[in-house]
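The values are calculated or read from the model by the stated rules, or taken from the named source; none is laboratory data. Here the structure is a predicted model, which is why all the values come from computation and not from measurement. FYI the Cβ positions are ideal-geometry reconstructions off the backbone, even for glycines, and counts take in every protein chain you see. The protein model used for the area step is the full one, side chains on, heavy atoms only, and it has no ligands, DNA or RNA in it. Shrake-Rupley method; radii C 1.70, N 1.55, O 1.52, S 1.80 Å.
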Amino acid sequence: MRLDKKISPLDNVIYRNYRITHGLRIAVAFLLTFVIVRLTEIPEGTWPLITMVVVMGPISFWGNVVQRVLERISGTVLGSASGLIALWLELYSFPLMMVWCAVVMFVSGYLTLGKRPYMALLIGITLAVVCGAGPGDMNTALWRSGDVIFGSLLALLFASIYPQRAFIHWRIQMADYLMSLNKLYSAWLSPNMLERPHLHGKMKTSMSQMIKMRSLFAPASKESHIPREVFDAIQTLSRNLLCTLELLADAYWSSRESHFLMLNARTLRSAQLLMLSTLEKLSLMLMNGTKGDELTINHQLNESAEELKALMAEMNAANHLEAQVYGYVWLSAQVAEQLKSMGDLITMTMQKEEAQINSVKTTKA
């Protein structure tokens, strides 16, 4: 998968309506599986249908489906073998069969709380399915086991047709989040506002939008082979950026005198416009792919940060200036640094720069 590929208009529509797409995918997959089962007249034909729905039921991100299918097949094979042994033991001793089933279920329950809970759960489920075939009915037991594996493979096949990729979902949602920060920042620091706008609802919406992205990290990491720590680092920067912007607004609207002083400062206004432009460019970069604009963004942010540091040095010499103004300038410099770091992380993620990603992983650890 090319990580920095532009998200096409069709992809944008499909991924923004992924619930509808997912429902249509499952409906078509169910009908096709049903037709295959009827035409082939395979015994125990309900099990491929059940398996296909169970595997594809959760949102079928490609990074999740492959692991889910492999765990289901592994659990099915182990459970089938355990069930066949149980049926064989039943021919000689029913109590011995019960002891064997108890041991297998104990192992299944123990492993369910481990790293592969789905596979462990399938061991117990398949054991129950196979044992339900009847004493010594190996033929039915084998068909049920094979049908479950067949259904898993069909689910993998249908999910592989125009697969839903969590990495693309993450790019779209991250782009939306950055644009929401752009709008919040623009409204908070607009020179046309006479009073501070009340945007607590919008801020909570942005915060919840950021938190929801965490569910995409694991499948996106598996699809792109980018360490989970890189996505966590971007998430941390996103949270810090939102909090810093809120503190920036507090300093901007703290008093009327300091507000008018900051409003008429040319350096601060140019820094505001640059940060707004950077948020928009990063959002567009996530949607359209990297095109070398990140170098210009970083250069401009470095210049803005240096100007703000020079302004802070001048303010330190002038002790009569208010603390709110100094705090605002310091917070503006922090926002510039955070935007630069976020731009670097997003760029290396989309371009998959191995050396830099490994350094982020080491730093995170």
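With 5 Å bins beginning at zero, the pair-distance distribution over Cα atoms of the range 115-203 amounts to 3, 10, 11, 11, 9, 8, 7, 6, 7, 6, 6, 6, 5, 3, 2, 1, 0 %.
For Leu276 and Lys212, the difference between the fully extended length at 0.36 nm per residue and the C-alpha to C-alpha distance is 20.7 nm.
Scoring 32-40, 242-250, 329-337 by mean Cβ neighbours within 10 Å over their residues and listing the highest first yields 329-337, 242-250, 32-40.
Sorted into 5 angstrom bins from 0, the C-alpha pair distances of the range 58-154 split as 3, 15, 23, 22, 17, 11, 5, 2, 1, 0 percent. Residue ranges 106-119, 208-221 sort as 208-221, 106-119 when ordered by packing (mean number of other C-beta atoms within 10 Å per residue, highest first).
Please work out the average accessible area per residue across the range 104-156, using the 1.4 Å probe convention, and give it in Å².
Numbers: 2650 Å² over 53 residues.
Counting only protein heavy atoms, the per-residue value for the range 104-156 is 50 Å².
Of the listed pairs Lys183/Lys340; Lys5/Lys183; Lys222/Lys281; Lys6/Lys222; Lys5/Lys281, which have alpha-carbon separations greater than 23 Å here? Don't skip to the answer; put the middle values down first.
Values: Lys183/Lys340 19 Å; Lys5/Lys183 26 Å; Lys222/Lys281 27 Å; Lys6/Lys222 20 Å; Lys5/Lys281 16 Å.
Distance filter (> 23 Å) returns Lys5/Lys183; Lys222/Lys281.
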